[in-house]
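All remarks here apply to the structure that follows.
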Amino acid sequence: MSGEKKRVQFRAPDRLINRADALADVLDEDRTNILVTALREYLQDAAHDDALVQETAAAYYDDEITYEQLKSLVSAEDAANSRVLKEQLDDDYIDDVADV
């Protein structure tokens, strides 16, 4: 994982932030570490959710996300498989195969 960091700002329900603050106090950690860990774990779980992997692949096929974005969301194997399938679904590829 890259060591670069990006500042983000978002609004969240008070109750959610209060829970994050309480956990940070219990673990003697910074709230940011709690939120980053939660986000990392959520994204890791999402990468293994079959329905979400399919939805992500569909977004890639429809050019809603780039290959780099796809790779950041799913396993390397799933991303590579999606790339090959997208190439195969390309009209030019179909025409080339039809000519053989």
Built amide H within the under 5 Å cut-off of A47, gap 5+: none
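Using the Cα centre of the chain as the reference point, and only Cβ charges (+1 on K/R, -1 on D/E), how large is the resulting charge dipole? Debye, rounded to the nearest 20. Please list the in-between numbers first.
Details: 11 positive and 25 negative charges, 187 e Å.
Roughly 900 debye, rounded to the nearest 20.
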Positive minus negative residues near D49 (Lys, Arg vs Asp, Glu; Cβ under 12 Å): -4
Whole-Hz ³J(HN,Hα) from phi, Karplus 6.51 cos²θ - 1.76 cosθ + 1.60, for segment 30-43, glycine and proline x: 7, 3, 4, 4, 5, 5, 5, 4, 4, 5, 4, 5, 4, 5
For the chain, with +1 on Lys and Arg beta carbons and -1 on Asp and Glu, the positive-most of Q44, Y61, L16 along the dipole: L16
Long-range amide H partners of I65 with built H, under 5 Å: Y60
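Over the chain, calculate the relative contact order: mean separation of alpha carbon pairs under 8 Å at least 6 apart, over the residue count, as a percent. Provide the component values of the computation, followed by the final result.
Values: 37 pairs, mean separation 15.3, N = 100.
About 15 percent, as a whole number.
No lab work stands behind these numbers, since they all come straight from the coordinates. Not measured: the values here are computed from a predicted model. Cβ sites come from the backbone with ideal geometry, for glycine too, and all protein chains shown count toward neighbours.
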